[in-house]
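Trainee: Sharing a structure with you now.
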Amino acid sequence: MLETEKMTYWYTTASDYLFKDVDLRFEPGRSYAIVGQSGTGKTTMVSLLAGLDAPKAGKIKIAGQDIAKMGLGAYRRRQVSVVFQAFNLFTYMSALENLMTAMAITKSSRRGDQEFSRDMLRRLGLTDEQMTQNVQRLSGGQQQRVAIARTMVCDAPLVVADEPLGTWTRPTRMR
Ligand SMILES: Nc1ncnc2c1ncn2[C@@H]1O[C@H](COP(=O)(O)OP(=O)(O)O)[C@@H](O)[C@H]1O
Ligand SMILES: [Mg+2]
């Protein structure tokens, strides 16, 4: 179980907080959606739950253990896998290489198992040809599926995803 205990967060001033004394419980084996209008703090919540940033006050616990005590680096390597809004794939690699690299970095129990990665990418709708070409040649939706496949080949018990139902498009400059 993942829990927050009196989690408090602000960016610039304490009085202008995004969260104050928030208690949440996320049970194993379930999916949860965090819903809110633009600018209400969903991405910030994802960053905190993924251990990319620390709350100003309060705790986040996984299986009863405070992630700050465990170390956020160890938490990110062993416990959590993230689908970022911008996918954050290695852009100079293929989809297959992205999965193989993530498994190596996180010391996944299936690291080195190329057939396992290929199977996962196939299950998410990529052809053998698509998975071996540079990821930048894939569409936004396909890149998002690679990012999802990447979470599935790592052993992390927790997956946190930012805007997983939309396709991120690079912001265009206003004229
Ligand atoms: N690095 C930052 N520094 C200061 N303010 C930020 C930063 N990141 C986000 N914010 C502000 O925090 C609020 C919540 O942002 P965010 O978590 O991205 O919301 P959402 O994902 O729900 O759209 C917004 O008002 C945003 O402007
Ligand atoms: Mg957001």
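Trainee: Which cross-chain or sequence-distant (5 or more) residues have an amide H under 5 Å from the amide H of V22, H modelled 1.01 Å from N in plane?
Mentor: Here K6, M7, T8 satisfy the definition.
Trainee: Rounded to the nearest whole Å², what accessible area per residue is found for the chain with the 1.4 Å probe?
Mentor: Values: 10670 Å² over 175 residues.
Per residue, the chain has an accessible area of 61 Å².
Trainee: Another question, then. Take K69, project a point 7 Å from its Cα along the Cβ direction, then tell me which residues of the stretch 17-34 have their backbone nitrogen under 20 Å from it.
Mentor: Hits in the stretch 17-34 for K69 at 20 Å: 22-26.
Trainee: Measure off, as a whole percent, the carbon and sulfur share of the 1.4 Å-probe accessible area of the chain, all protein chains present.
Mentor: Ligands and nucleic acids excluded, carbon and sulfur give 49 percent.
Trainee: Could you check the simple spin-label distance between E129 and S31, using points 7 Å along Cα→Cβ, in nm with one decimal?
Mentor: The answer from the label model is 3.0 nm.
Trainee: Based on DSSP H runs of at least 4 residues, each adding -39500 (n - 2.57), what is the mean residue ellipticity at 222 nm of the chain after dividing by all its residues, to the nearest 500 deg cm²/dmol?
Mentor: Calculated at 222 nm, the ellipticity per residue is -9500 deg cm²/dmol.
Trainee: Pop the C-beta distance of S139 and T13 into the FRET formula with R0 = 41 Å and round what comes out to the nearest 0.05.
Mentor: Numbers: r = 41 Å, r/R0 = 1.01.
Given R0 = 41 Å and the Cβ-Cβ separation, E is 0.50.
Trainee: Provide Rg and Dmax in Å for the chain, with only Cα atoms included in the calculation.
Mentor: 17.4, 53
Trainee: Oh, and also: Using only Cα atoms and rounding to the nearest 10 degrees, what angle (0 to 90) does helix 95-105 make with the longest principal axis of the chain?
Mentor: 50
Trainee: Let me have the relative contact order for the chain, percent, based on Cα pairs under 8 Å that are six or more residues apart.
Mentor: Rounded, it is 23 percent for the chain.
Trainee: Continuing with the same structure: Just to be sure I follow the rule: in the chain, considering lysines 8 or more places apart or on different chains, how many pairs have Cα atoms under 16 Å apart?
Mentor: Lysine pairs satisfying the spacing and distance rule in the chain number 10.
Trainee: Highest mean first, how do 14-22, 79-87 rank when packing is the count of other Cβ atoms within 10 Å averaged over residues?
Mentor: Result, highest mean Cβ count within 10 Å first: 79-87, 14-22.
The values are calculated or read from the model by the stated rules, or taken from the named source; none is laboratory data. Please read these numbers as outputs of a predicted model, since none were measured by experiment. Virtual Cβ from ideal backbone geometry, glycine too; neighbours counted across all protein chains shown. Surface accessibility is based on the protein's heavy atoms, side chains included, excluding ligands, DNA and RNA. Shrake-Rupley method; radii C 1.70, N 1.55, O 1.52, S 1.80 Å.
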